[in-house]
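S.K.: This is the structure I want to talk about, given as structure tokens.
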Amino acid sequence: MRAQEQEFRTKGAALAAVSLGDTQYAKAFREETGITFPLLLDEKKKAYDALELKSANIFHLLKRENSVARQQARAEGHQQHKLGRNPFQLGGSFVFGPGDVDRFAHFSETFGDNAPVKDLLAAIP
């Protein structure tokens, strides 16, 4: 999403990421990825629990979708970052607001299962 940040801003949206890591992890992640948008820390996993985000297990590493996502990420120049507090915690992608409105929700089913950026952009009015 870093590469499309300006597209989100043009539509009047603001980006934010949430991490389970601590401040040292967040600093390293920001330096490695070059993100400029806020990186919020949720060390107690409250947001993840409130959204009922799933956790993977060791067998997810063997899933075809995971292998394809790893290959695609490597081809795009991405690399594995330091493992965070819970490397099996899955994430999600959401578009909220304005106001108290949920416009889009994607709950990751396995590693590398991210919402397509075009779908996130399409959810912004």
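S.K.: Could you run through the range 91-125 and say how many residues are hydrophobic (A, V, I, L, M, F, W, C), surrounded by 15 or more Cβ atoms within 10 Å (Cβ to Cβ) and part of a loop (DSSP other than H, G, I, E, B)?
M.R.: Counting residues in the range 91-125 that are hydrophobic (A, V, I, L, M, F, W, C), surrounded by 15 or more Cβ atoms within 10 Å (Cβ to Cβ) and part of a loop (DSSP other than H, G, I, E, B) gives 4.
S.K.: Another question, then. Find the residue count for the range 1-34, including only residues that are under 26 Å from residue 49 (Cβ atoms), exposed (fewer than 12 other Cβ atoms within 10 Å of the Cβ) and aliphatic (A, V, I, L, M).
M.R.: Start the filter on the range 1-34 by keeping residues that are under 26 Å from residue 49 (Cβ atoms), which leaves 1, 13-30, 33.
From the residues that got through so far, the ones that are exposed (fewer than 12 other Cβ atoms within 10 Å of the Cβ) too are 14, 16, 23-24.
With aliphatic (A, V, I, L, M) added as a condition, the list becomes 14, 16.
Of the residues in that region, 2 qualify.
For (1) at pLDDT 90 or above; (2) over 28 Å from residue 124 (Cβ atoms); (3) of a type in the set (A, V, I, L, M), each residue gets a yes or a no:
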| site | (1), (2), (3) |
| --- | --- |
| 1 | no, no, yes |
| 9 | yes, no, no |
| 19 | no, no, no |
| 24 | no, yes, no |
| 33 | no, no, no |
| 39 | yes, no, yes |
| 73 | no, no, yes |
| 76 | no, no, no |
| 85 | no, yes, no |
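S.K.: Anything in the range 96-110 that is touching a Pro at 6+ places or on another chain (Cβ under 9 Å) and at pLDDT below 90? List them, or say none.
M.R.: 98, the sole residue that qualifies.
The values are calculated or read from the model by the stated rules, or taken from the named source; none is laboratory data. Just so you know, these numbers come straight off a predicted model, no measurement behind them. Here the Cβ is made from the backbone with ideal geometry for all residues, glycine too, and neighbour counts use every protein chain on show.
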